[in-house]
Structure formats: C-alpha cells, structure tokens
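The values are calculated or read from the model by the stated rules, or taken from the named source; none is laboratory data. All figures in this text were calculated on a predicted structure; none of them were measured in a lab. The area values use the complete protein model at the heavy-atom level, side chains included, leaving out ligands, DNA and RNA. Shrake-Rupley method; radii C 1.70, N 1.55, O 1.52, S 1.80 Å.
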Amino acid sequence: MSQEQKQPRKSSHDEESQAEVAESDVAERKEAIDGDVDAILDEIDDVLETNAEDFVKSFIQKGGQ
C-alpha cells in the first residue's frame, strides 16, 4: 500500500495571475516612489532658488568643517 500524499498543484493560470498581480504591485510602488522623489527634488529646487547661499552655509556648518 503506497502512502502517497497528494499535494495540490498550482495550475499555470494561477501562477500567471500571481505574477501579474506582483507586477502591478511593483508598478504601483514605483509610481509612488517616483512621486515622492519628484516632490523632494522640487522642494530642494525651491530652497536653492530662494536661498542658495544660506543653504550652502548651513550644509557646511552641519558637516562640521
């Protein structure tokens, strides 16, 4: 008497749908991160346009040199 255990097999359709979901999650996270990076870069640009000299002086002072 063989004691085989049947393991559920995933169909190729299930694997494909999981891959599609993972790809869409990655794309959504990439868009969110890109938006955050753009916002930070815009903020840096605004600071540099309005007060570049003070920004550089404060950066030098924070570095301790």
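Among the protein heavy atoms, those of GLU20 account for about 120 Å² of accessible surface (1.4 Å probe, every chain in place). Ligands, DNA and RNA aside, ASP25 has an accessible area near 70 Å² when probed at 1.4 Å. Phi angles of the range 29-35 translate, via the Karplus equation with coefficients 6.51, -1.76, 1.60 and θ = phi - 60°, into HN-Hα couplings of 5, 4, 4, 5, 5, 4, x Hz per residue; Gly and Pro are given as x.
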